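Just so you know, all these numbers are worked out from the coordinates, no wet-lab data involved. Bear in mind the structure is a predicted one, so any value in this text is a computation, not a measurement. Cβ: placed from backbone, ideal geometry, glycine included. Neighbour counts: every protein chain shown.
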Amino acid sequence: MSKKKEPPPEDAEKPEGEEGEEGAKKKPPLMILIAAGVGALVVLGGGGTAAFLMLSPKPDAHAKDDKGKEAAKPKKDEKKGGKEGKEGKDKGPNPISQGPDGVVYYTLPDLVANIQAADGHPTYLKVKLALELKDESVAESIEPNMPRITDMLQTFMRELRPEDMSGSQGNYELRMEFQRRINLVIAPAKVNSVLIEEMLIN
């Protein structure tokens, strides 16, 4: 009996050239998919980086500089001792100063008021006063009453005329009136004397 020849396997029928052509045909779709995936990653990565940069918090005040050193912290106002420690936030220079023999001087803020003039021309009086006190405890009575003192002195100054301040007699009487009015406000504390450091009539 003659044996029937088995048909050769399908793979054997295809020559090597054909198999290479099919492999070449399958590769382009795979390359396209890879290129598309890489492009998507680039787009997503760029968007993520931009979002990170936009949403990242600003550097802290304690951040380190380029050399790795911690940035200098803003220093708080140090407490000042002595007389300077008595300065308020809005008071400026310390108004209290020491004089001879334990005397204390308290400098008032400049006082300005329009005064009466014979010809009706606007005239202004500016005075700078220093109060002579027996000690700093009297200053504790002056500071809280400063608005009342300022109001009383300016009201008195508006009633003055240029001739009221002429000569040594006028100057003396002016000092006595300032002292009397201040003592009325700060009683029972007392100002020993009022010194006119500056007086300008314009």
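In sequence order, segment 182-192 has phi-based couplings of 5, 5, 5, 6, 9, 3, x, 5, 9, 9, 6 Hz under the Karplus curve 6.51 cos²θ - 1.76 cosθ + 1.60, θ = phi - 60°, and Gly or Pro positions carry x. In this structure the amide hydrogen of residue 193, modeled in the peptide plane, comes within under 5 Å of the amide hydrogens of 132, none closer than 5 places in sequence on its chain. Scalar couplings 3J(HN,Hα) for segment 141-158, obtained by applying the Karplus form with A = 6.51, B = -1.76, C = 1.60 to θ = phi - 60°, are 8, 7, 4, x, 9, 4, x, 5, 4, 4, 5, 5, 5, 5, 4, 5, 5, 5 Hz; x denotes Gly and Pro.
Given a Förster distance of 25 Å, report the FRET efficiency between residue 118 and residue 155 from their Cβ-Cβ distance, rounded to the nearest 0.05.
0.75
Between amide H atoms placed 1.01 Å from N, distances below 5 Å from residue 160 occur with 116, all of them 5 or more places distant or on a separate chain. Remark: segment 90-201 projects, on average over all directions, an area of 7.4 nm² (convex hull of Cα atoms). Simple spin-label estimate for residue 199 and residue 145 gives 2.3 nm between the two label positions (7 Å along the Cα-to-Cβ direction from each Cα). Per-residue 3J(HN,Hα) values for segment 161-177, derived from phi via the Karplus relation 6.51 cos²θ - 1.76 cosθ + 1.60 with θ = phi - 60°, read 10, x, 5, 5, 10, 7, x, 5, 5, x, 5, 5, 4, 5, 4, 5, 5 Hz in sequence order (x marks Gly and Pro).
Spin-label point model (7 Å from Cα, Cβ direction): what's the residue 135 to residue 177 distance in nm? In this crude spin-label approximation the distance works out to 3.4 nm.
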